[in-house]
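The structure appears below as structure tokens.
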Amino acid sequence: MADPIHQFEIHKIFTLGHIGNQEIAFTNSSAYMLGAVAIISLLMLGGSAGRRLVPNRFQSLAELSYEFVGNTLKESVGAEGMKFFPFVFSLFMFILTANLIGIIPYTFTVTSHLIVTLALALMVFLTVLLYGLYKNGFKFFKLFVPSGIPMYILPLIMVIEVISFLSRPVSHSVRLFANMLAGHITLKVFAGFVTSLSALGALGIFGSVLPLAMTTALTGLELLVAFLQAYVFTILTCIYLNDALHPGH
């Protein structure tokens, strides 16, 4: 049976240069990230070019994506949060596209690597922290002082709130990484059963029917998970941005 971890290996395509003794390489992960950006760009450019009263498929998909993220941001943050729309929309589309690309056989799933999801989560974390301090000054720290808490337990609650805030990038990134990693490993295992049993002849082909059905069902489930994980990452981003705009609420 093929190694289910092999699909997550990063391979160097060519070297870009060196910084000191550290090699800077263009990898398969880099290529798929650029591919995801190219697909999103083509979709949005194709959807906005020559806009029609009766939209074509590209325009419909672009408009649905735009409205979905816009409504999610408004419902979570309010109209004031629309200033972050380009940022949130870019995150959602990148994660969704990368997730969907990874479902195609023999491709690479960039969101199954913790370094990628952690970079995205840190970008959200720093945006919340820096904008929160810029907009609210020291009032931003009201985020760590919930209202209505008795004074004798307030120090403990503040410590818990600070730890919770600092751990956001970890939970934000691990949730996406773990779901994509686990799903693709499971798919690979069942697909491996199909190919292994099929090589055993007529009896093996009969025995591979159940693993094949499971693989088909899991592929459909992974399509749902690809969207749900992009949505969960986005809705959490919106919730965190709300803290930057309205600390202490």
Listed residues Thr15, Thr186, Thr97; largest mean-square fluctuation, Gaussian network over the chain with Cα springs below 10 Å, found at Thr15
Using the Karplus equation 6.51 cos²θ - 1.76 cosθ + 1.60 (θ = phi - 60°), what ³J(HN,Hα) coupling, rounded to whole Hz, does each residue of the range 109-125 give in order, writing x for Gly and Pro?
9, 5, 7, 8, 10, 4, 5, 6, 5, 5, 4, 5, 5, 5, 4, 5, 4
How would you order 17-23, 42-48, 114-120 from highest to lowest mean count of nearby Cβ atoms within 10 Å?
114-120, 42-48, 17-23
First check a/c for the range 42-117, with a ≥ b ≥ c the square roots of the eigenvalues of its C-alpha gyration tensor; if it is under 1.5, answer rounded, and if not, answer prolate when a/b is larger than b/c or oblate otherwise.
oblate
Taking R0 as 25 Å, what's the FRET efficiency between Leu122 and Leu156 from their Cβ-Cβ distance, rounded to 0.05?
0.35
With Kirkwood radius over Cα pairs in Å defined as stated, name the option among (1) 20.9; (2) 18.7; (3) 18.1 computed from the structure displayed.
(1)
With springs connecting C-alpha atoms under 10 Å apart, model the chain as a Gaussian network and identify which of Asn71, Asn56, Asn28 has the largest mean-square fluctuation.
Asn56
Placing each pseudo-label 7 Å from Cα in the direction of the beta carbon, Ala182 and Ser41 end up separated by a distance in nanometres of 3.6
Using the heavy atoms of the protein chains alone and a 1.4 angstrom probe, what is the accessible area of the range 42-131 per residue in square angstrom?
54
Residue span Phe68 to Lys139: 0.36 nm per residue of separation minus Cα-Cα distance leaves a gain in nm of 22.4 nm
Under 5 Å between amide H atoms, partner at least 5 residues away or on a different chain: which partners does Ala25 have, H built in plane at 1.01 Å?
Leu16
Along Cα→Cβ, 7 Å out, is where each label goes; now give me the distance between the ones at Met82 and Tyr231 in nm to one decimal.
2.3
Between helix 28-48 and the chain: long-axis angle, C-alpha atoms, 0 to 90°, nearest 10:
70
Within the range 10-136, what whole-number % of the accessible surface is contributed by carbon and sulfur, with the 1.4 Å probe and all protein chains included in the calculation?
67
Which distance in Å, rounded to a whole number, links the C-alpha centroids of the range 130-190 and the range 15-83?
26
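The values are calculated or read from the model by the stated rules, or taken from the named source; none is laboratory data. From a predicted model like this one, the values you see are computed outputs, not experimental measurements. Here the Cβ is made from the backbone with ideal geometry for all residues, glycine too, and neighbour counts use every protein chain on show. Only protein heavy atoms, including side chains, enter the accessible area calculation; ligands, DNA and RNA are left aside. Shrake-Rupley method; radii C 1.70, N 1.55, O 1.52, S 1.80 Å.
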